[in-house]
């Protein structure tokens with residue numbers, strides 16, 4: 001390659017930056033607003049996965065949504081960083097995926113997660129947590145491993161043809 005960045009990599013770079021802005025905007029919401037949003041998400045999850053949820057009283061629905069709030073929020077953290085790492089991987093890969101690309105994508109995602117937690121220290125009602133960086137990093141790692149597995153399976157199928 002002569003120093004030019006491919007169209008594919010430019011698209012992934014744009015997606016990466018846009019996704020980083022999305023993550024930043026979620027983190028910029030004050031604590032109270034974030035809690036309300038999490039409760040809404042919990043209610044949606046319950047309405048999809050809990051039989052008879054609609055027939056429960058409002059208080060029972062709220063209680064159930066509050067009980068699943070933590071795992072839903074942490075799963076959302078991991079998922080948003082899995083997506084981010086996938087976009088970053090698209091930027092760093094020039095042709096074939098190798099372990100250095102995977103490591104770079106996870107490392108950049110973890111660095112961004114760290115800066116995001118630092119940012120939350122300045123948002124009213126929020127706090128930065130090292131555990132969230134670990135969860136985000138785990139999500140990033142899971143995301144690139146998932147992509148790598150699909151990549152390898154795709155290459156096996158192509159080679160058999």
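The values are calculated or read from the model by the stated rules, or taken from the named source; none is laboratory data. What you see is a predicted model; the values in this text were computed from it and never measured. Using ideal geometry, Cβ is built from the backbone for each residue, glycine included, and neighbour counts are taken over all protein chains shown.
Worth a mention:
- Only one of 65, 105 that is at pLDDT 95 or above, buried (at least 20 other Cβ atoms within 10 Å of the Cβ) and not in a loop (DSSP other than H, G, I, E, B): 105
- Scanning segment 80-97 for residues that are under 22 Å from residue 112 (Cβ atoms) and exposed (fewer than 14 other Cβ atoms within 10 Å of the Cβ) gives a single hit, 94.
- Pair list, Cβ < 9 Å and 6+ apart or interchain, from segment 25-46 residues that are within 14 Å of residue 64 (Cα to Cα) to residues that are modelled with pLDDT of 85 or more and not in a helix (DSSP H, G or I): 46/56
- Residue list for segment 23-35, filter: in a helix (DSSP H, G or I) and surrounded by 12 or more Cβ atoms within 10 Å (Cβ to Cβ): 23, 24, 26, 27, 31, 33, 34, 35
- Taken as a whole, the condition of being over 22 Å from residue 41 (Cβ atoms), surrounded by fewer than 20 Cβ atoms within 10 Å (Cβ to Cβ) and out of contact with any helix residue (DSSP H, G or I) (no Cβ under 8 Å at 6 or more places or on another chain) applies to residue 111.
- Qualifying residue in segment 40-50 (condition: under 22 Å from residue 131 (Cα atoms) and in a helix (DSSP H, G or I)): yes
- Pairs where the first residue, in segment 54-71, is over 13 Å from residue 39 (Cα atoms) and the second is exposed (fewer than 15 other Cβ atoms within 10 Å of the Cβ), C-beta under 7 Å, 6+ apart: 54/47
- Of all residues in segment 124-141, those being modelled with pLDDT of 95 or more, surrounded by 15 or more Cβ atoms within 10 Å (Cβ to Cβ) and more than 12 Å from the chain's Cα centre (by Cα) number 0.
- Unmet requirement for residue 71, which otherwise passes all of (1) assigned to a helix (DSSP H, G or I); (2) surrounded by 15 or more Cβ atoms within 10 Å (Cβ to Cβ); (3) within 21 Å of the chain's Cα centre (by Cα): (2)
- Total residues in segment 102-123, condition closer than 17 Å to residue 24 by Cβ and more than 16 Å from the chain's Cα centre (by Cα): 6
- Among the residues making up segment 36-62, those that are surrounded by 15 or more Cβ atoms within 10 Å (Cβ to Cβ) and closer than 26 Å to residue 109 by Cβ are 38, 41, 42, 45.
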